[in-house]
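Please read through the structure below; I'll follow up with questions.
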Amino acid sequence: MSIQIVTPLTVTDHSRDIAGLQYVYPVVSRRAGGVSIGVNLNPNNACNWRCVYCQVPGLIRGAAPETDLALLAEELDLMLSQIVNGDFMQKAVPLEARRLNDIALSGNGEPTTSPQFLDVIDLIAAAQQKYHLDLKTVLITNGSQLDKTQVQAGLRKMATMRGEVWFKIDRVPQDGFEFVNQIALKRSQVVRRLTQSAALCPTWIQTCMFATDGVLPDEQALGQYVDFLAEQIAQGVKLEGVLLYGLARPSLQAEASRLSAAPAEWMQALQAKIEALGLPVKLSL
Ligand code: SF4
C-alpha cells in the first residue's frame, strides 16, 4: 500500500481520496491552520441526515458500513509514518501549514452510525501511542447517536485523547421537521444528547448559517437560537463555544441553487450576539 500524492495539498482541496486510501485522508485546514488527518467511516456516502448544504457527493440516506478495522489501522499507520518519519509534509503540504493538528472523524456521512465507533476510537489512540503523538481527536457529528452506549463510551475515551466533539445544531431545535437538516427532530432529544455529549467530552456547537431563496433567518429565529444557547448554559451544560460557518463551499444537494451565503457583517453580528453569552465563537466565512 502506498500514499499517492496527487498534488501539493491546498486549503481548498478537501478531496477525501487524495491519498488513494479508503478511510484515511489528509486535509490542510484553514480553520485549524495545519494538517488534519481525516478518518472517513462512511466511504459509502451514507448519512442518516440530509443537510441541504451538505458537500458530500452522491449522498444517500443510511448508516456507515462495517469498517475493515485492520485496513483502517494499516492506513492510519502508513499516514502517520509518512508524516512523522517520512517526507509527506515536504512533498505535499505548503510550507506555512507543515504542522500536524489533529485526527478528525469527519467523513462522508455520520461517523457515529458505525457499529465499530468505539473500536475506531481505540484504534486511533493506539496509533497515536505508537508514534508518541498527543494530537487532538475531533468528532464531527450531528449528535443523533449520542443515546447509544458505545458512542458514549467512545466520547469518554476521546476525553482522554484531547478530544473535542463538534455537535451540529444549525437552527434552534424544535419539535418537527427541520428543513436545513431534512430530518424530524425533537427539542428534548437534542437537549438530552447535547447534555450527554458535553458531560462526556469537551463539546463545541457547530452551526452553518445561510440564506434560503434569498431569505436569511429572521431576528426571531436568531433570537430563539441565541436563547437556546443561553438556556443550555443556564442548565449547566458546559459548552466550549460555537463554530459558526457560512457557506464556504457549494452544496452538492438538490437545494444547492436555493442557498446563498450570508453577508460577512450579518455573520459577525450573530457572532457578537453569541459572544455576549460568554461563549467563544470561531467564525469561518
Ligand atoms: S450530518 Fe454531515 S454528512 Fe450528514 S447530511 Fe449533514 S452535513 Fe452531510
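The values are calculated or read from the model by the stated rules, or taken from the named source; none is laboratory data. The structure displayed is predicted, hence computed values, not measured ones. Cβ coordinates were reconstructed from backbone atoms using ideal geometry, including for glycine residues, and neighbour counts include every protein chain displayed.
Being among the polar types (S, T, N, Q) and closer than 19 Å to GLY38 by Cβ, is that true of even one residue in segment 187-197?
no
Yes or no: segment 183-202 includes at least one residue that is outside any loop (DSSP other than H, G, I, E, B), within 17 Å of the chain's Cα centre (by Cα), within 23 Å of ASN45 (Cα to Cα) and in contact (Cβ under 8 Å) with a residue 12 or more places away in the chain.
No: segment 183-202 contains no residue that is outside any loop (DSSP other than H, G, I, E, B), within 17 Å of the chain's Cα centre (by Cα), within 23 Å of ASN45 (Cα to Cα) and in contact (Cβ under 8 Å) with a residue 12 or more places away in the chain.
Mind checking which residues of segment 74-87 are free of Cβ contacts under 8 Å to residues at least 60 places away in the same chain and under 13 Å from ILE103 (Cα atoms)?
Listed by number, the residues that qualify are LEU76, ASP77, LEU80, ILE83.
Hey, another quick one. Name the single residue, out of those in segment 166-198 being of a type in the set (Lys, Arg) and crowded, with 16+ Cβ neighbours inside 10 Å, that is nearest to the ligand (Cβ to nearest atom).
LYS168
Can you work out which of the residues in segment 23-42 that are buried (at least 16 other Cβ atoms within 10 Å of the Cβ) and assigned to a loop (DSSP other than H, G, I, E, B) is farthest from the ligand (Cβ to nearest atom)?
It comes out as ALA32.
While we're on this one: Take the residues in segment 43-102 that are within 16 Å of the ligand (Cβ to nearest atom) and loosely packed, with under 14 Cβ neighbours inside 10 Å; name whichever of them is farthest from PRO250 (Cα to Cα).
Only one residue tops the list, namely ARG61.
Out of the residues in segment 135-151 that are more than 16 Å from the ligand (Cβ to nearest atom) and surrounded by 18 or more Cβ atoms within 10 Å (Cβ to Cβ), which is nearest to the chain's Cα centre (by Cα)?
Filtering first and then ranking leaves THR137.
Residues in segment 28-40 that are within 13 Å of the chain's Cα centre (by Cα) and either under 13 Å from LEU105 (Cβ atoms) or at pLDDT 80 or above (or both): how many?
5
Can you tell me which residue in segment 199-215 is farthest from ASN142 (Cα to Cα), limited to those that are crowded, with 18+ Cβ neighbours inside 10 Å and out of contact with any Gly (no Cβ under 8 Å at 6 or more places or on another chain)?
LEU200
Next question. Applying the selection to segment 272-285, what residues are assigned to a loop (DSSP other than H, G, I, E, B) and over 22 Å from CYS54 (Cβ atoms)?
If the condition is that a residue be assigned to a loop (DSSP other than H, G, I, E, B) and over 22 Å from CYS54 (Cβ atoms), then ALA276, LEU277, GLY278, LEU279, PRO280 are the ones that fit.
How many residues, within segment 103-125, are hydrophobic (A, V, I, L, M, F, W, C), assigned to a helix (DSSP H, G or I) and away from the ligand (no atom under 16 Å from the Cβ)?
Residues that pass the stated criteria total 6.
Another one. Among the numbered conditions (1) modelled with pLDDT under 95; (2) within 19 Å of the chain's Cα centre (by Cα); (3) hydrophobic (A, V, I, L, M, F, W, C), tell me where VAL120 comes up short.
The single condition VAL120 does not satisfy is (1).
Among the residues of segment 203-233, which ones are closer than 14 Å to TRP266 by Cα and either in contact (Cβ under 8 Å) with a residue 60 or more places away in the chain or in contact with a Cys (Cβ under 9 Å, 6 or more places away or on another chain) (or both)?
CYS208, MET209, PHE210
Across segment 229-271, what is the number of residues that are in a loop (DSSP other than H, G, I, E, B) and among the acidic types (Asp, Glu)?
The total comes to 1.
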